[in-house]
Amino acid sequence: TGTDITGISKSETFNNSFNKKFKNFAAPSDEWEMELKRKIGMVWSYPRESYQKGESGKVLLLMSLDRSGKLVNVTMLKSSGFSLLDNEAKNAVLEAAPYPPFPSSWGAMEKINIRISFVYGTEGWWFK
């Protein structure tokens, strides 16, 4: 379950896509998004044991960052049905932290929530 962060007054949530706009807040910059994805991609993998067993599925996580890029929470929203896959996705988000600080163009934004999907399959694996 998620943890409530007190003292955070302004936040936004992004659903699997960084290209949407919310209220007066511009979506994350391409550079910021690329750095976030790069950091996670460098530590995330398909667990060998799961691959050999033919385990596949999609893990949906909600990660929350403060303006400094600190990971303040990660919550599993949807399990793949396989604990090894679920744990690998969550551990990648934890291990990749800290993330880039918010760009100055985001103004007073204090927290961002990002829904991120990790897909494992026999045809390949990716996240978005």
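Using only C-alpha positions, report the orientation-averaged shadow area of the convex hull of the stretch 78-121, nm², one decimal. One quarter of the hull surface, i.e. the mean projection, equals 4.1 nm². Ligands, DNA and RNA are left out, and with a 1.4 angstrom probe the accessible area of the stretch 80-123 is 43 Å² per residue. Computed extension gain for residue 77 through residue 97, at 0.36 nm per residue and net of the alpha carbon distance, reaches 5.3 nm. Residue-wise HN-Hα couplings along the stretch 80-91, as the Karplus relation 6.51 cos²θ - 1.76 cosθ + 1.60 with θ = phi - 60° gives them from phi, are 7, x, 10, 4, 4, 5, 4, 5, 5, 4, 5, 5 Hz; Gly and Pro carry x.
The values are calculated or read from the model by the stated rules, or taken from the named source; none is laboratory data. On a predicted model such as this, the values are computed, not experimentally measured, just so you know. Quick note on the areas: whole protein, heavy atoms, side chains included, nothing else; ligands and nucleic acids left out. Shrake-Rupley method; radii C 1.70, N 1.55, O 1.52, S 1.80 Å.
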